[in-house]
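Participant: Okay, here's the structure, questions in a sec.
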Amino acid sequence: MKLKPFAFTFLTLCLAAVAGMPAAQSASLSVIAEGLDNARGISTDPSGNIWVTETGVGGPGVGEGAGCVQSPSVQYAPICSGNTAAVTRITPDGKQERVFKGLPSLAIQPSGIEGAGPQDLKFDSSGNAYGVYGFAGDPAIREAIFGDSAFGQLYRLDPNQGPISIADLAGYELANNPDGGDVITNPYALALKDDTAYVVDAGANVLYTVGLDGSGIKEAIPFSSRPFDVGPNAFPPPDPNQPLLPGFENGPPEQIDLQPVPTGVAIGPDGAAYVSDLSGFPYPEGGSRIYRINENGEPEVYADGFTMLADLEFDQDGNLLALQYADKPQWTGELAASLFQIAPDGTRTTLVAAGEGLEATTDIHVGPNNEIYVTNKGDRPDVGQVIRVDRTESVPEPTSVLGVLAFGALGSGAWLQRKRQQQLLDEVKFANGLKD
């Protein structure tokens, strides 16, 4: 299943933690906003305001049998629509306000997790705002079931006319299916460069380039699945009350075709697009990568060995910041997250280690003064936060612990929707308060 950001939902770098070596404290954290519902994208405008998207908690649907479908990621759980999404502004003096609210939202009921709605928001150099709207499955059902075509699109946010569609990404997936896998869409993050938007779709496994001048989708770059040795204890224990997943009749497989699931995109100092992947179920440790789109428009592996990458961003010194959703596979219920820095020479540094305050992180943004912002606890209602990360000291990690940069894309395959069982386990855990 490709909507990995939702159970992340969406949405990690655990190299030092995996090796068992403690990372030195290199940053301090400050909470600047809280009480957010499924907090996702974060950005700053030219006036210094911080904006964060909230995908909301869905709702009861509309009418009997309408507005709800079986979740594509949590077996037997209903995902239902409601107008509960929002966009929040935090002013330079600390005032927090939902400027836009009552927006379309989808989420698991009754918990309100796995929200889908406004996923990301970015401002160009002139102060124009652009945003992507996520979804939760097959784009063919968005109007028939949910009665709203707002999902799955890239918008320009006009202060006078409201949102203006720039590209229907869900419609493109339905008509073209660029990666050749299952037809699922979830536009998740975007970056802007000149007159082009770069949008990653975590459902379609695609990076889109979209002309902001009205020319529409210019290119769709697919990311392929690849063989991956998962090792022992890589899957959650089987549930005796649920059927075994296909291929698990003789026990869990030792190798799988691991989906990429792109979750973040950033433009590097070299002008190229860089993309992070979450990896698919079972979200194995070391299974996430960072790709660079080369001159031929093809993804090449830039750095690997991460776990459940949620996002990436370049700072003003040319360092690549890589944010993990969690340092352990999500199905374990251990959601402590880490933030890493990759210097231009490839040196990796732990800025925030697991257990130092980050948990289920979903997005990262570098502000105008090179400050770092992170959306924290972004996988659930009511408790989402915006965290400012203040760097105090850089402590390089040993190469033997963190590995080295790797180049060259690996093979392809097809890992279909095998996260249903573990997502059901997640839902049960959440309902019992195990993710608090």
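Please treat every number below as a calculation from the coordinates, not as lab data. Keep in mind the model is a prediction, meaning the values are calculated, not measured. A quick note on method: Cβ atoms are made from the backbone with ideal geometry, for glycine too, and the neighbour counts reach across all protein chains shown.
Participant: Place the peptides 150-161, 189-200 in order of packing, highest mean first, counting for every residue the other Cβ atoms within 10 Å and averaging per peptide.
Facilitator: Working: 150-161: 16.9, 189-200: 21.0.
Highest mean packing first, the order is 189-200, 150-161.
Participant: Enumerate the calculated ³J(HN,Hα) couplings along segment 328-334 in order (Karplus 6.51 cos²θ - 1.76 cosθ + 1.60, θ = phi - 60°), each rounded to whole Hz, writing x wherever the residue is Gly or Pro.
Facilitator: Those phi angles translate into 10, x, 4, 5, 6, x, 8 Hz.
Participant: Right, another one. Go through LYS328/LYS377; LYS101/LYS218; LYS101/LYS122 and tell me which ones have a Cα-Cα distance over 21 Å in this structure. Numbers along the way, then the final one.
Facilitator: On the way: LYS328/LYS377 15 Å; LYS101/LYS218 32 Å; LYS101/LYS122 18 Å.
Over 21 Å apart, Cα to Cα: LYS101/LYS218.
Participant: Could you please state, rounded to a whole Å, how far the C-alpha centre of segment 30-47 is from the C-alpha centre of segment 234-275?
Facilitator: First find each Cα centre; the distance between them is then 28 Å.
Participant: Would you mind classifying segment 322-386 by shape? Square roots of the alpha carbon gyration tensor eigenvalues, ordered a ≥ b ≥ c; an a/c under 1.5 is rounded, otherwise it is prolate if a/b is larger than b/c and oblate if not. Intermediate results must be reported in sequence, preceding the final value.
Facilitator: Working: a/c = 2.59, a/b = 1.34, b/c = 1.94.
Oblate.
Participant: Let me ask another. Using mean Cβ contacts within 10 Å as the protection proxy, how do 235-242, 165-172, 109-116, 251-258 order, highest first?
Facilitator: Working: 235-242: 12.9, 165-172: 22.1, 109-116: 25.1, 251-258: 16.4.
Those peptides, ordered most packed to least, come out 109-116, 165-172, 251-258, 235-242.
Participant: For SER47 and LEU244 in one chain, what is 0.36 nm times their gap in residues minus the Cα-Cα distance, to one decimal in nm?
Facilitator: Values: separation 197, 0.36 × 197 = 70.92 nm, distance 5.37 nm.
Between SER47 and LEU244, full extension yields an extra 65.5 nm.
Participant: Can you give me the distance in nm between label points at LYS95 and SER28, each placed 7 Å from the Cα along the Cα-to-Cβ direction?
Facilitator: 2.8 nm
Participant: Which net charge results for the neighbourhood of LYS328, defined as the other residues with beta-carbon distances under 10 angstrom from its beta-carbon, given Lys and Arg at +1 and Asp and Glu at -1?
Facilitator: Numbers: positive: none; negative: GLU285, ASP327, GLU334.
So the surrounding residues net to -3.
Participant: Which of rounded, prolate or oblate describes segment 276-405 when judged by the alpha-carbon gyration tensor and an a/c cut-off of 1.5? Before the final figure, lay out each step's value.
Facilitator: Values: a/c = 1.42, a/b = 1.14, b/c = 1.25.
Note, shape of segment 276-405 comes out rounded.
Participant: When 1/r is averaged over all different Cα pairs and the result inverted, which Kirkwood radius in Å belongs to segment 117-254? Show your work: numbers first, answer last.
Facilitator: Working: mean 1/r = 0.0595 Å⁻¹.
Averaging 1/r across every pair of different Cα atoms and inverting gives 16.8 Å.
Participant: Using +1 at the C-beta of Lys and Arg and -1 at the C-beta of Asp and Glu, which of ILE184, PRO222, VAL200 has the Cα lying farthest in the positive direction of the dipole of segment 132-284?
Facilitator: Farthest along the dipole direction, towards plus: VAL200.
Participant: Determine the sum of side-chain charges near SER224: Lys and Arg each +1, Asp and Glu each -1, restricted to other residues whose C-beta is under 10 angstrom from that of SER224. Don't jump to the answer; show the numbers that get you there.
Facilitator: Working: positive: ARG226; negative: ASP179, ASP257.
Neighbourhood net charge equals -1.
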